[in-house]
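**Q** My structure is below; once you've seen it, I'll send some questions.
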Amino acid sequence: MERYIDDEGSVIVSKSIKPIIEYPETCLGSKRGAKRQFRYGNLHIREYDEYYTTHMDKIDPREDPIGHLMIDAPEYLIGLFCALSIVKHVASSFGKRSKVETYDLHKTIESTVTNNTLPTSIIGLVFCAASYIAGNFIKNLIANLKS
């Protein structure tokens, strides 16, 4: 028995049925190993060697990128917020370090700020990855419950 739906719920279309896609190529969206991808309105098409996969997004990322991230790809939005939080933390740590050096305060304060930056950043990266995985899991769980 042939499969017509992939693990993500996209419809698989053989290239023998539709050998050429005439829609505009796009860089928006996760390629998931595809050679190229196309968009036509809310239709998202990925091209692989022998087939295409297609699915409908609820929101076109070209029209409403934030809405698309919130509804169709929340795992990327979670990852973006985590990354921004880590960058903010690291930047503020370096800012505190330069203030300590500028005002020539106790060396213990400087070493405490410097020593806590790396472990906290690593914990932040682990939290970011876990949030991304959890967001993707929840999105797939909801999609499976609907079908």
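The values are calculated or read from the model by the stated rules, or taken from the named source; none is laboratory data. Predicted, not measured: the structure shown is a model, and the values here were computed from it. All Cβ positions, glycine included, derive from the backbone under ideal geometry; neighbour counts span all protein chains shown.
**Q** Scan region 30-37 and give yes if some residue there is without any contact (Cβ under 8 Å) to a residue 40 or more places away in the chain, of a type in the set (Gly, Ala, Ser) and either assigned by TED's automatic domain parsing to the domain that holds Phe137 or under 20 Å from Ile5 (Cβ atoms) (or both), otherwise no. Can you show your working first?
**A** The first filter runs over region 30-37 and keeps only residues without any contact (Cβ under 8 Å) to a residue 40 or more places away in the chain, leaving 31-37.
Still in the list and also of a type in the set (Gly, Ala, Ser): 33-34.
Then keep just the ones that are either assigned by TED's automatic domain parsing to the domain that holds Phe137 or under 20 Å from Ile5 (Cβ atoms) (or both); that gives 33-34.
Yes, region 30-37 has at least one match.
**Q** While we're looking at this one, here's another question. Can you confirm whether Tyr23 is surrounded by 14 or more Cβ atoms within 10 Å (Cβ to Cβ), among the aromatic types (Phe, Trp, Tyr) and in contact (Cβ under 8 Å) with a residue 12 or more places away in the chain?
**A** On the way: surrounded by 14 or more Cβ atoms within 10 Å (Cβ to Cβ): no; among the aromatic types (Phe, Trp, Tyr): yes; in contact (Cβ under 8 Å) with a residue 12 or more places away in the chain: yes.
So Tyr23 fails the test.
**Q** Determine which member of the set His44, His89, His68 is assigned to a helix (DSSP H, G or I) and crowded, with 17+ Cβ neighbours inside 10 Å.
**A** Values: His44 fails: assigned to a helix (DSSP H, G or I); His89 fails: crowded, with 17+ Cβ neighbours inside 10 Å.
Sole residue among the options that is assigned to a helix (DSSP H, G or I) and crowded, with 17+ Cβ neighbours inside 10 Å: His68.
**Q** When you scan region 1-20, how many residues do you find that are of a type outside the set (A, V, I, L, M) and either in contact (Cβ under 8 Å) with a residue 60 or more places away in the chain or assigned to a strand (DSSP E or B) (or both)?
**A** 3
**Q** Are any residues in region 80-95 closer than 15 Å to Ala134 by Cβ and modelled with pLDDT under 80, and if so, which ones?
**A** Cys82
**Q** Would a scan of region 107-125 turn up a residue that is at pLDDT 65 or above and within 30 Å of Asp6 (Cα to Cα)?
**A** Among the residues of region 107-125, not one is at pLDDT 65 or above and within 30 Å of Asp6 (Cα to Cα), which makes the answer no.
**Q** Here's something else I'd like to know. For residues in region 24-41 being of a type in the set (Ser, Thr, Tyr) and assigned to a loop (DSSP other than H, G, I, E, B), which is nearest to Tyr76 (Cα to Cα)?
**A** Let us first name the residues in region 24-41 that are of a type in the set (Ser, Thr, Tyr), namely 26, 30, 40.
Those left that are additionally assigned to a loop (DSSP other than H, G, I, E, B): 26, 30.
Numbers: Thr26: 18, Ser30: 10 Å.
Once the filter is applied, the top-ranked residue is Ser30.
**Q** So for region 10-25 (the condition being at pLDDT 70 or above, among the aromatic types (Phe, Trp, Tyr) and in the same structural domain as Ile138 (by TED's automatic domain parsing)), does at least one residue qualify?
**A** Taking region 10-25 as the starting set, the residues that turn out to be at pLDDT 70 or above are 10-25.
Now narrow it down to the ones that are among the aromatic types (Phe, Trp, Tyr): 23.
Narrowing further to those that are in the same structural domain as Ile138 (by TED's automatic domain parsing): none.
No, because not a single residue in region 10-25 is at pLDDT 70 or above, among the aromatic types (Phe, Trp, Tyr) and in the same structural domain as Ile138 (by TED's automatic domain parsing).
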